[in-house]
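Since the structure comes first, as structure tokens, the remarks are kept for the end.
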Amino acid sequence: MKNTLMNTPNHFDSIAEHFNRIWYFSDDYKDFVISHILNDLQFSPDDILADIGGGTGSFTARLQRDGAFKCAYCIEPSAPMCGEASKFSNITAICTDAHGFLEQNIPFTKMLLKEVIHHITDRETFWLNTYNSLPYEGKLLIITRPQQISFPLFDAAREAFAKNQPPHDMIENELLECGFNINTSHRSHTFALNKKSWYEMLQHRFMSDLGVFSSQEIDEGIKEIESRYDGEVIDIIDHLIFIKATK
């Protein structure tokens with residue numbers, strides 16, 4: 001295990017210590033996502049995973065444990081988040097961004113981009129460099145959401161998400177142009193979350209799209225959500241898009 005640090009302040013720096021607690025839906029939800037990643041990437045014992053934007057490393061470490069493959073890198077530009085990832089003994093935390101990782105020429109056979117595609121700049125160059133870095137039949141898995149998200153957000157937050165989220169068909173076309181074979185699956189998971197927990201997640205701006213809103217705007221947004229939902233529990237449907245690209 002190692003932690004290669006790069007000082008890159010971003011939205012998640014301030015919530016790194018609390019991220020695993022606030023970005024939490026349920027064990028069933030986590031199992032749902034993990035099972036599909038394992039199925040799509042089909043790890044073998046010799047595989048090396050590059051988890052781009054792996055945050056605190058909790059998913060990276062779980063994948064390495066359950067997939068029983070050779071090595072896993074958690075690539076995360078936020079130094080505090082990367083510091084949390086370095087606490088896991090079965091993964092290697094590298095503090096850099098997506099392009100910076102490829103520039104280091106570290107070998108890998110599988111790559112995961114889970115809910116981070118909107119943070120990747122100059123995607124065409126990144127896809128091409130990823131394609132050139134992967135071995136034959138190496139795989140890239142992108143997990144993203146439709147622009148019209150189903151989360152119980154206030155209207156302004158929903159609009160901010162749609163503005164920042166690239167359409168999945170655009171991503172597919174970019175990958176095809178680089179030479180990848182692609183397969184896309186739409187999968188949904190429904191779960192119930194206590195309102196108090198959901199509102200705490202919003203107040204901590206668990207999604208980067210919420211980073212543009214002030215505390216007052218978040219509180220007003222919570223009042224807007226509260227007016228739409230009775231009771232103490234909110235039913236949430238998460239629609240996820242899995243784009244598997246194979247070299």
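The values are calculated or read from the model by the stated rules, or taken from the named source; none is laboratory data. It should be emphasised that the depicted structure is a prediction, and the values quoted were computed from it without experimental measurement. Neighbour counts run over all protein chains shown; Cβ positions are idealised from the backbone, glycine included.
PRO45 - would you say it is assigned to a loop (DSSP other than H, G, I, E, B), out of contact with any strand residue (DSSP E or B) (no Cβ under 7 Å at 6 or more places or on another chain) and either surrounded by 21 or more Cβ atoms within 10 Å (Cβ to Cβ) or acidic (Asp, Glu) (or both)? Spelling it out, it is not the case that PRO45 is assigned to a loop (DSSP other than H, G, I, E, B), out of contact with any strand residue (DSSP E or B) (no Cβ under 7 Å at 6 or more places or on another chain) and either surrounded by 21 or more Cβ atoms within 10 Å (Cβ to Cβ) or acidic (Asp, Glu) (or both). What number of residues in the stretch 140-157 are of a type in the set (Phe, Trp, Tyr) and more than 15 Å from LYS223 (Cα to Cα)? The total comes to 1. In the stretch 32-56, the residues that are within 18 Å of ASP238 (Cβ to Cβ) form no Cβ pair under 7 Å with any partner that is hydroxyl-bearing (Ser, Thr, Tyr) and crowded, with 23+ Cβ neighbours inside 10 Å, whether six or more places apart or across chains. In the stretch 229-242 there is at least one residue that is aromatic (Phe, Trp, Tyr) and within 21 Å of ARG145 (Cα to Cα). Scanning the stretch 64-76 for residues that are surrounded by 24 or more Cβ atoms within 10 Å (Cβ to Cβ) and either closer than 19 Å to PHE43 by Cα or out of contact with any helix residue (DSSP H, G or I) (no Cβ under 6 Å at 6 or more places or on another chain) (or both) yields GLN64, ALA72, TYR73, CYS74, ILE75. Residues in the stretch 79-102 that are among the small types (Gly, Ala, Ser) and either in a loop (DSSP other than H, G, I, E, B) or out of contact with any Asp or Glu (no Cβ under 8 Å at 6 or more places or on another chain) (or both): GLY83, SER86, SER89, ALA98, GLY100.
If you go through the stretch 110-168 and keep only what is in contact (Cβ under 8 Å) with a residue 40 or more places away in the chain, farther than 16 Å from ILE241 by Cβ and of a type in the set (Gly, Ala, Ser), you end up with GLY138, ALA156, ALA157, ALA160.
Every condition in (1) surrounded by 15 or more Cβ atoms within 10 Å (Cβ to Cβ); (2) assigned to a loop (DSSP other than H, G, I, E, B) is met by LYS244 except one, and the failing one is (2).
Condition first: under 23 Å from GLU177 (Cα atoms), touching a strand residue (DSSP E or B) at 6+ places or on another chain (Cβ under 6 Å), modelled with pLDDT of 95 or more and crowded, with 19+ Cβ neighbours inside 10 Å. Can you find one or more residues in the stretch 81-101 that meet it? Checked the stretch 81-101: at least one residue is under 23 Å from GLU177 (Cα atoms), touching a strand residue (DSSP E or B) at 6+ places or on another chain (Cβ under 6 Å), modelled with pLDDT of 95 or more and crowded, with 19+ Cβ neighbours inside 10 Å. Checked across the stretch 103-118, the condition of being more than 22 Å from ASN183 (Cβ to Cβ), modelled with pLDDT of 95 or more, of a type in the set (A, V, I, L, M, F, W, C) and not in a helix (DSSP H, G or I) holds for at least one residue. Only a single item in (1) more than 19 Å from the chain's Cα centre (by Cα); (2) surrounded by fewer than 18 Cβ atoms within 10 Å (Cβ to Cβ); (3) modelled with pLDDT of 95 or more; (4) of a type outside the set (D, E, K, R) is not met by GLN203, and it is number (3). Within the stretch 175-188, being under 29 Å from ALA157 (Cβ atoms) and surrounded by fewer than 18 Cβ atoms within 10 Å (Cβ to Cβ) holds for THR184, SER185, HIS186, ARG187, SER188.
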